[in-house]
Structures are given as structure tokens and as C-alpha cells.
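Here is the structure we will look at.
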Amino acid sequence: MAFAWKAAGLTYNRYLAVASRVVRRSLKDDKRIAAERRGEMELRFAKWENGKQGEMKNVASANEAAMAEAASHQGSS
Amino acid sequence: MMLSRAARPALRAGAAAAARPAALNAPNAATYATLREIEDRLKSIRNIEKITKTMKIVASTKLTRAQKAMTESRSYGQTSNTVFEKAETKPLDGEGKKTLVVVCSSDKGLCGGIHSGLSRKVRRILAEKPDWDLVIVGEKCKAQLGRSSGKNIQLSFAGVGKDVPTFADASAIADQISLLPTDYASVQIIYNKFLNAQSYEAVDVEAFSEEAIAQSPNFAAFEIDDDVLSNLREYALANALYWALAEGHACEQSARRNAMDNASKNAGDMINKFQILFNRTRQAVITGELVEIITGAAASEEG
């Protein structure tokens, strides 16, 4: 595996999100507030099975959970 | 959409009210009630007009921001597309593999037929390829497509369309899509293309799978390690989604502006009509009263 973040179970987009969050946080205060608004995400999602909508979940926490799972999966294999 | 539904009963009632005074003028006591009825209806239409006017102004301001975000996001999407154009990437003929359709609508209504246009296009695609899977962004298309083809839906997202979509939104959606268990031959993103302030069109943009990229005829023009390819694919998907979301958002705002403009105009027409009706009825009532008084006076003089 060529990339450390890939080994940690992150997708490229997640890696981008983390990197951009770090950049935004290191900005000066006045710029930072405007920039951090661009990084906000309040999506909710639901999985569908056989035409039925499942439970609504927060995307951010679900993404983190899925990636943590992927990481442990790769660690064990 | 909700407004037109709310306005229609009032229209029907308005037509009924226009027919009623003639019928009800004979028993004179009823005229007062109709007068008040007309007044009440006038008031409520005026309120609706106020609401739609305000919504139009809000949509106009949001539209300028949305358009700016759209032109910015367009360069993202187009740059990412140039890579595939140069590599001459074509969608794979998916043998046994499904294509995923991502529908980019939003949570809010009151903006004309913009969501149903998307739903119609998706239904047309599903009529040809009934086994393709759907991912739906936004409550409106979810409600429409959930009824007709709920079995195809894999994921649905809510919470978009409040503000200009961010790249964080797009990449989170892209992540969820790449986490889906099924391996898709390609991903089609359906969104409303912004033609001008008056018109939009439901179109699709393709995001390719790794094999499709790897098998593109001019792939050798780029130096890409195999490891990086999946990153490129994820990133391209997020780019395309961001583009689609931003453009769809701009379309929605412009459509809402137009819808609210029309609603305000209709409300203005109705106010005029009711004002005339109100004045006529008021005069009829006064004339009626005068006739009563004069006949009463004449009768008492005689007696």
C-alpha cells in the first residue's frame, strides 16, 4: 500500500476533507470563519432495502464509522 | 407546488362567490355575509401575495450567489472531464454489471416542475433499464421516485439545498456511494443543467469506474500508477457531484424565482378581480338598503 491514509482505511475524499480542514483551521481568524463555512456538511442519509426506507443517519458519523471498520478489516487481514 | 394547491381552492371559491351574489341577493339578509366573505378572501390573497413576493426576493438574492458558485464549480467539473476526454474514456458495456444513477434534486419545493423533470428523466431511463440502481439526493425526488420505483433505490440523502452546496457535501456523498457493496460499471449523475435564467434541462454526466478508465483507448497518454487510479475515480466522482449539485442548486433558485414571480402576478390578478367584485357587491347592498328605506317611507306617508 503506497499511502498511509489508504492503509488507515480512509478514502481519497476523506483524506482531502481532513487535509482541507487542517488548512482552514490554520488560517487567520477573519478568513477562517468564511472558509470553515465551506467545509460544513449536514447531510443525512438512509439506506433502502426492497423499496423501504431505512433509518435516517448522519452522513459524517456514518462515514467515520465505515472507515474505522475498513481500517480494522485491513489491519486484521 | 404547495402554493398552487393552496391557491386553487381559493380560485374555485372565488368563482363560486362570483356566482353566488346574484343568487343570494334575493333573500337580502345574505348579502352582508358574502360581502364579509369577499373581504376575508381579499385579505388572504393579499397575504399570499406578500409571502410570494418575499420568497421571490429571497430567491433572487440566493440566485446570484448560486450562479457564482455554479460557474466556479463548472471549472472543477470541466477540468476533471478533460482528463477523460483526452484519455477518450468510454463507459463500459456493462455485462452483468449495473449502472448507478445519482439524482441531484433538493429538499425544498415551491419551485415549479424542476424536481418532477428530473423524476421523469429517471423514470424514462428505468423503463429501459429496470435493474439499474438509484441514489437520490434531496427529499423531493425521493418522495416522487420512492413511490414509483422504490425497489431500485439504494441510498437517499437529505439536508441539501438549504445553502449553496459545498465540496464537503459532494465528497461525503461520493464516499457513501463508493462504500456501496455493489460494483457498478459506471455512475450516471442526473441534474438540471442551467441554460439561462428562464430554462433548465435534465441532463446526465458520467463518472467512470476504474476499469473504464483503465481501458480507455488513449490511457497511455497519462502516467498513472494502478494504486492512484481508485483515488482518481473517487475524486472525479466527487468533482462531478459537486458540479451537478451546484448547477442543480442554481436551477432551483432561478426556477423558484420564476415560480414566485408568477404566483405574485396571479395573486395580483385575483386581487383586482375580487376588488371589483367587492365594490359591486357593496353598491348592491347600499342600493338595496335605499330601496328598503324609500319604500318604507312611502308606505308610512300613505298610511
Carbon/sulfur fraction of accessible area - segment B:224-291, other protein chains in place, 1.4 Å, %: 51 percent
Stretch gain in nm, segment residue B:301-residue B:265, where the contour uses 0.36 nm per residue and the Cα spacing is subtracted: 7.5 nm
For a test of the definition: using alpha carbon positions, the gyration tensor, and the 1.5 limit on a/c, classify segment B:184-281 as rounded, prolate or oblate. prolate
Amide H proximity to residue B:153 below 5 Å, modelled H, separation 5+ or other chain, gives A:51, B:134
In whole angstrom, note down how far apart the Cα centers of segment B:75-141 and segment B:205-264 are. 10 Å
Mean other chain Cβ within 10 Å across B:160-167 is 3
Eigenvalues of the Cα gyration tensor times 5, then square-rooted: what semi-axes does that give for chain A, in whole angstrom, largest first? 27, 22, 8
Treating the angle as unsigned and between 0 and 90°, give the value, to the nearest 10°, between the Cα long axis of helix B:30-86 and the longest Cα principal axis of chain B. 10 degrees
Show me A:8-16, B:39-47 ranked by packing, highest mean number of other Cβ atoms within 10 Å first. A:8-16, B:39-47
Would you kindly state how much longer the chain becomes between residue B:61 and residue B:293 on full extension, computed as 0.36 nm times their sequence separation minus their alpha carbon distance, in nm to one decimal? 77.7 nm
Label model pair residue B:211, residue A:58: point-to-point distance (7 angstrom along the Cα→beta-carbon line) in nm is 3.8 nm
Ellipsoid semi-axes in whole angstrom, largest first, where each is sqrt(5λ) of the Cα gyration tensor of segment A:1-40: 26, 9, 5
Which listed pairs, of B:68/B:162; A:31/B:53; B:62/B:273; A:31/B:62; B:53/B:108; B:86/B:151, have C-alpha distances above 27 Å, in listed order: A:31/B:53; B:62/B:273; B:86/B:151
Heavy-atom accessible area per residue, the protein assembly as shown, 1.4 Å probe: how many Å²? 54 Å²
What base-10 log of the normalised intensity I(q)/I(0) is obtained for the protein assembly as shown from the Debye formula, alpha carbons as equal point scatterers, at q = 0.06, 0.08, 0.12, 0.14 Å⁻¹? -0.35, -0.54, -0.95, -1.20
What is the antiparallel percent of DSSP beta bridges lying wholly in the protein assembly as shown, to the nearest 5? 55 percent
Where does helix B:2-24 land angle-wise versus the long Cα axis of chain B, in degrees 0 to 90, nearest 10? 20 degrees
Can you give me the Rg/Rh ratio for chain B, using Cα atoms for both radii and the Kirkwood formula for Rh? 1.26
Using a 10 Å cut-off on Cβ to Cβ distances, tally the other chain neighbours for every residue of A:49-56 and report the average as a whole number. 4
Positive minus negative residues near residue A:35 (Lys, Arg vs Asp, Glu; Cβ under 11 Å): +4
Efficiency by 1/(1 + (r/R0)^6): what FRET value for residue A:34 and residue B:220, r their Cβ-Cβ distance, R0 = 41 Å, to the nearest 0.05? 0.45
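The values are calculated or read from the model by the stated rules, or taken from the named source; none is laboratory data. Quick caveat, the model's predicted, so the values are computed rather than measured. Don't worry about glycine lacking a Cβ; one is built from the backbone with ideal geometry, like all the others, and counts go over all protein chains shown. To get the accessible areas, we keep the full protein, side chains included, count just its heavy atoms, and leave off ligands, DNA and RNA. Shrake-Rupley method; radii C 1.70, N 1.55, O 1.52, S 1.80 Å.
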